[in-house]
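Here is the structure we will look at.
The values are calculated or read from the model by the stated rules, or taken from the named source; none is laboratory data. Everything quoted here is computed from the prediction, not taken from an experiment. Because the Cβ atoms are built from the backbone with ideal geometry, glycine has one as well, and the counts that use them run over all protein chains shown. Heavy atoms of the whole protein, side chains included, go into the accessibility calculation; ligands, DNA and RNA do not. Shrake-Rupley method; radii C 1.70, N 1.55, O 1.52, S 1.80 Å.
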Amino acid sequence: MSVKGWGALVRKVTRIRDGVEQAPQKAAEAWIEQDFKPYAQQIAPRRTGAFADSIDGRASKTRVTVFADAPHARYVEEGTSKMPAQPTVGPAVEHTKGKLRERVRNEIKKVTR
């Protein structure tokens, strides 16, 4: 006995599973480029622009990493004995993390329709 349409059902379920697995990374990559980086660069202190230009991020299946990798980034973020801290990366994450959640939800909705 065979069930009509079984193969199509299995293909659809596989497509949904694969899409749901990829949704967080895809959403995080969009969040980094379209939400986090622009906002962080907007609020970053500027002298030469090197700090703001070094703000970036990476997304994998299980992790999102954001950073500023200019040589003086740590001093800007944390301050020194002669310069007050000017936090940028953390506040940018806090300000935009709701958008990341929204992007993940939207990606999952796309693949489960």
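Computed values, structure above
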item: Exclusive hit being at pLDDT 95 or above, of a type in the set (S, T, N, Q) and touching a Gly at 6+ places or on another chain (Cβ under 8 Å), set T96, T65, T80; result: T65
item: Set F51, F36, F67: member being part of a strand (DSSP E or B) and open to solvent by less than 90 Å² (accessible area, probe 1.4 Å); result: F67
item: Of the criteria (1) more than 30 Å from K12 (Cβ to Cβ); (2) of a type in the set (D, E, K, R); (3) open to solvent by 100 Å² or more (accessible area, probe 1.4 Å); (4) within 15 Å of the chain's Cα centre (by Cα), which one R101 fails; result: (1)
item: Qualifying positions in segment 73-90 - exposed (fewer than 15 other Cβ atoms within 10 Å of the Cβ) and out of contact with any helix residue (DSSP H, G or I) (no Cβ under 6 Å at 6 or more places or on another chain); result: R74, E78, G79, T80, S81, K82, M83, P84, G90
